[in-house]
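Before any comments, here is the structure.
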Amino acid sequence: MKVSFLIINHIHAQSADAAAIRRGNEMYARKSYDSALQAYSNIENNKNKYISDFNSGNALNKQEKYADAVKKYDEAIANSTDKVIQAQALYNK
C-alpha cells in the first residue's frame, strides 16, 4: 500500500495542542506509534483536530490497522478545509 506521509507542524492555536502534535511527531519518528497516537489524542482545540486525525491515520497505517486508519483519514477530510490535506488523506485511504 502506497501512503503519502505528511507530518503537519502548522498549528492553529493553543500551545498545548502544538506540544501534543510535536510530541506525537517525535514518537512517530521513533516508530513508537502507540505513544504517537496517545499524544495526538490530547488535542483540545477542534481547529486542530484534522491534524490529529491525519497524523493518527498515518500511525495506524504503520501499525497495519488499515480500517482504523481509513476512519481517521475520513475524519481529517471532514474536519479540514485545507484541500491539500484532504487530497493527501484521500490518497492515503
What is the residue count in the range 53-68 for residues that are closer than 13 Å to Ser32 by Cα and in contact with a Leu (Cβ under 6 Å, 6 or more places away or on another chain)?
2
Go through the range 57-68 and give me each residue that's within 13 Å of the chain's Cα centre (by Cα) and in contact (Cβ under 8 Å) with a residue 24 or more places away in the chain.
Gly57, Asn58, Ala59, Leu60, Asn61, Lys62
Just to verify a result, which residue in the range 8-28, among those that are open to solvent by less than 50 Å² (accessible area, probe 1.4 Å) and closer than 22 Å to Asn61 by Cα, is modelled with the lowest pLDDT?
Ile8
Going through the range 27-86 in order, the residues found to be farther than 18 Å from Asp17 by Cα and part of a loop (DSSP other than H, G, I, E, B) are Arg30, Lys31, Ser32, Gln63, Glu64, Lys65, Thr81, Asp82
Cβ-Cβ below 6 Å, separation at least six or inter-chain, first residue in the range 80-93 and within 13 Å of Tyr50 (Cα to Cα), second at pLDDT below 90: which pairs?
Gln88/Ser4; Gln88/Leu6
Is it the case that some residue within the range 80-93 is under 17 Å from Gly24 (Cα atoms) and among the aliphatic types (A, V, I, L, M)?
no
Just checking, does the range 76-92 include any residue being basic (Lys, Arg), open to solvent by 40 Å² or more (accessible area, probe 1.4 Å) and either farther than 20 Å from Ser15 by Cβ or modelled with pLDDT of 95 or more (or both)?
yes
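The values are calculated or read from the model by the stated rules, or taken from the named source; none is laboratory data. The model shown is predicted, which means the values in this text are computed figures rather than measured ones. All Cβ positions, glycine included, derive from the backbone under ideal geometry; neighbour counts span all protein chains shown. What goes into the accessible areas is simple: the full protein's heavy atoms, side chains included, and nothing from ligands, DNA or RNA. Shrake-Rupley method; radii C 1.70, N 1.55, O 1.52, S 1.80 Å.
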